[in-house]
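Before any comments, here is the structure.
Read-outs: derived from the displayed coordinates by stated rules, not from any lab. Just so it is clear, the structure is predicted and the values come from calculations on it, not from any experiment.
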Amino acid sequence: MDSLEKKYEYFESRIKLAEEGSGPNRIRKQHDAGKKTARERVAELLDPGSFNEFDKLVVHRSTCLLYTSPSPRDRTRSRMPSSA
C-alpha cells in the first residue's frame with residue numbers, strides 16, 4: 001500500500017505542477033496586464049465541476065518546428081526582382 005500512496009502523491013504533485021502552467025511569475029505578469037489565464041477564462045465560462053481537462057499531463061516533445069522560415073512580415077526586403 002505504501003508504494004501506491006507514493007504513486008498517488010507523485011501523480012497529485014504532477015497535476016498541481018501542470019495547473020500552475022508557466023509559473024507564478026508569468027501568471028502575475030498576465031494578471032498585471034489585465035489578462036486571465038486560459039484555465040481562469042474556462043472556469044468563468046462553465047459551471048463549477050462541469051469541465052474535466054483531459055491530457056493535462058501531456059508534455060510537448062517535438063524538436064522539429066513546422067514553420068522554420070521567417071514570416072513575410074519579418075523580411076526587410078522583398079525577394080521579388082525589381083522591375084527597374
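Structure notes:
- Sequence-distant lysines (8 or more away, or on other chains) whose Cα lies within less than 30 Å of residue 35: 16, 56
- Full extension of the chain between residue 33 and residue 61 gives 7.1 nm of extra length, using 0.36 nm per residue less the Cα-Cα distance.
- Maximal additional length on extending the residue 50-residue 5 stretch stands at 13.4 nm, based on 0.36 nm per residue less the C-alpha distance.
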